[in-house]
Amino acid sequence: MNEPSLAYGWILNLHSYLAYIVLAVLILAVINAIIGFFGNKLFTLEKDFRISLFALILAHLQLLVGLALYFVSANGFNAIKTLGMGGLNSAARLLAVEHPFVNIVAVVLITIGWSRHKKILEAKGKFKTISLFYGLGLILFLSRIPWGQWMN
């Protein structure tokens, strides 16, 4: 087995398994923020801040692993280089263009939500900001997961 295929397999597995953790923590952060918003709860550092922070960190970590995978995979940048944008079928376009682009936008939204929530003083506003931006990021993540390949 040559070195690039070993690296590719390792990064692909890391990206796939980390996705489950990212989705679980992101779902937890969104649900927690919605419950906090509608329940008029206090925003605590011990729970609410940490859940949101872990979701942010994991989303960024997943993005970094995904970018590494994009450049070592035949389905990422190499597919565009080899086939050109016009030569990609829908499955190849999903992996080479749509999945990376939409997930970068999702991480940007999560980051904006994190940044904006820190500037808000009242708990209801913090929960609203996190639920909105993290929720939009979660929807974008879910919309571009290559479900057919991921669940096999």
Filter region 89-101 down to the residues that are crowded, with 17+ Cβ neighbours inside 10 Å and touching a residue at least 40 places away in the same chain (Cβ under 8 Å) and list them by number. L94, L95, H99
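This table checks each residue for (1) surrounded by fewer than 17 Cβ atoms within 10 Å (Cβ to Cβ); (2) over 27 Å from L12 (Cβ atoms); (3) in contact with a His (Cβ under 7 Å, 6 or more places away or on another chain); (4) not β-branched (V, I, T).
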| position | (1), (2), (3), (4) |
| --- | --- |
| G76 | no, no, no, yes |
| G87 | yes, no, no, yes |
| V108 | yes, no, no, no |
| G113 | no, yes, no, yes |
| L121 | yes, yes, no, yes |
Scanning region 6-34 for residues that are β-branched (V, I, T) and in contact (Cβ under 8 Å) with a residue 12 or more places away in the chain, the one surrounded by the fewest Cβ atoms within 10 Å (Cβ to Cβ) turns out to be I21
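T129 - would you say it is out of contact with any Pro (no Cβ under 6 Å at 6 or more places or on another chain), in contact (Cβ under 8 Å) with a residue 12 or more places away in the chain and of a type in the set (S, T, Y)? Can you show your working first?
Working: out of contact with any Pro (no Cβ under 6 Å at 6 or more places or on another chain): yes; in contact (Cβ under 8 Å) with a residue 12 or more places away in the chain: yes; of a type in the set (S, T, Y): yes.
When the stated conditions are applied, T129 passes them.
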Screening G76, G36, G84 for residues that are at positive phi and out of contact with any strand residue (DSSP E or B) (no Cβ under 7 Å at 6 or more places or on another chain) leaves only G84
Go through region 46-65 and give me each residue that's crowded, with 21+ Cβ neighbours inside 10 Å and within 30 Å of R93 (Cβ to Cβ). A55, L56, A59, Q62
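Residue check: is F133 buried (at least 20 other Cβ atoms within 10 Å of the Cβ), hydrophobic (A, V, I, L, M, F, W, C), within 27 Å of I35 (Cβ to Cβ) and within 15 Å of the chain's Cα centre (by Cα)? Walk me through it before giving the result.
Numbers: buried (at least 20 other Cβ atoms within 10 Å of the Cβ): yes; hydrophobic (A, V, I, L, M, F, W, C): yes; within 27 Å of I35 (Cβ to Cβ): yes; within 15 Å of the chain's Cα centre (by Cα): yes.
So F133 passes the test.
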Output the helices (runs of 4 or more DSSP H) that fall wholly within region 71-148 and possess 2 or more residues being not small (G, A, S), or say none. 77-83, 99-119, 123-143
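No lab work stands behind these numbers, since they all come straight from the coordinates. Here the structure is a predicted model, which means the values were calculated and not measured. Here Cβ is always computed from backbone atoms with ideal geometry, including for glycine, and neighbour counts include all displayed protein chains.
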